[in-house]
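Q: Here you go, one structure.
Only the coordinates and a few stated rules stand behind these numbers; no lab work does. Please read these numbers as outputs of a predicted model, since none were measured by experiment. With ideal geometry, Cβ positions are generated from the backbone for all residues, glycine too; neighbour counts draw on all protein chains shown.
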Amino acid sequence: MTDTTTARLLIIGPPGAGKGTQASRIAERYGVPAISTGDIFRANIKGGTPLGKQVQAIIEQGELVPDSLTNEIVEDRLQQADAVGGFLLDGYPRTVEQVHALDAMLRPVGAGLDAVVLLEAEVDEVVARLLKRAELEGRADDTEEVIRHRQEVYAEQTAPLVALFSERGILVSVNGLGTVEEVADRIAQGLDAKLGARVGS
Ligand code: AMP
């Protein structure tokens, strides 16, 4: 990467595809903060804040937090100094409305997302992974029903965004099966190619 460019990135994919693990790798590689709306919500739930109380039941049921609230949180976060030179979003935008809200947030600085990594994984594979994690970490709330519901919400609300990013020419599809290292290498290759093309254009 040259230091004259910013990288505004997003990682998207079904729950359980390994986005969080890969997000920190990507963020480190491109020198940008990883911003996860799920992490922000979980920290607020843990801290017992008003926001945490507002979103806890929604998250436990596997539903999406309302767009207006989520957009507000991201807008605040993107205004912090560390995000001015770029960022990696993980778990946002998740609906078409959130895509439009993000576009509006970035418009004043004449920017948009530079690349979107789609981490591909089969539903049965990710459900199996999430069930195992729930058992290992004692997450009693993560029942199979809730885990499957989150996959349905992804398929209905978030998967349609992939076509939208593809039309914009910023999509980088990566097979999410394999070791953390293997997947990280695929992402790095795909992103370097996409961002390199941008630098030259
Ligand atoms: P994640 O860790 O990204 O899977 O997020 C955990 C949960 O937080 C999701 O199942 C949603 O309930 C909520 N959440 C995270 N990001 C968003 C978002 N962009 N829009 C609405 N709800 C979200």
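Q: Would you mind stating whether Gly169 is within 16 Å of the chain's Cα centre (by Cα), part of a loop (DSSP other than H, G, I, E, B) and loosely packed, with under 15 Cβ neighbours inside 10 Å? Even if it seems obvious, please write down each step before you answer.
A: Details: within 16 Å of the chain's Cα centre (by Cα): no; part of a loop (DSSP other than H, G, I, E, B): yes; loosely packed, with under 15 Cβ neighbours inside 10 Å: yes.
It is false that Gly169 is within 16 Å of the chain's Cα centre (by Cα), part of a loop (DSSP other than H, G, I, E, B) and loosely packed, with under 15 Cβ neighbours inside 10 Å.
Q: Now for a different question. Restricting the first residue to region 104-126 and requiring it to be farther than 18 Å from Thr158 by Cβ, which pairs with a second residue that is in a helix (DSSP H, G or I) and among the basic types (Lys, Arg) meet a Cβ separation below 7 Å and a spacing of at least six or different chains?
A: Pairs found: Asp114/Arg198.
Q: Quick check on region 88-98. Is at least one of its residues in contact with a Phe, Trp or Tyr (Cβ under 8 Å, 6 or more places away or on another chain) and more than 12 Å from the ligand (Cβ to nearest atom)?
A: yes
Q: Considering only residues that are surrounded by fewer than 17 Cβ atoms within 10 Å (Cβ to Cβ) and within 12 Å of the ligand (Cβ to nearest atom), look in region 140-152 and name the one that is farthest from Arg94 (Cα to Cα). Don't jump to the end; show me each part of the working.
A: Going residue by residue through region 140-152, those that are surrounded by fewer than 17 Cβ atoms within 10 Å (Cβ to Cβ) are 140-141, 143-145, 148-149, 152.
Subset that is within 12 Å of the ligand (Cβ to nearest atom): 141, 149, 152.
On the way: Asp141: 22, His149: 15, Glu152: 13 Å.
Ranking the candidates gives Asp141 first.
Q: Can you pull out the residues in region 10-31 that are within 11 Å of the ligand (Cβ to nearest atom) and either without any contact (Cβ under 8 Å) to a residue 12 or more places away in the chain or touching a Gly at 6+ places or on another chain (Cβ under 6 Å) (or both)?
A: Ala17, Lys19
Q: Just to be sure before I move on: is Ala34 more than 12 Å from the ligand (Cβ to nearest atom) and of a type in the set (A, V, I, L, M) in the structure I sent?
A: no
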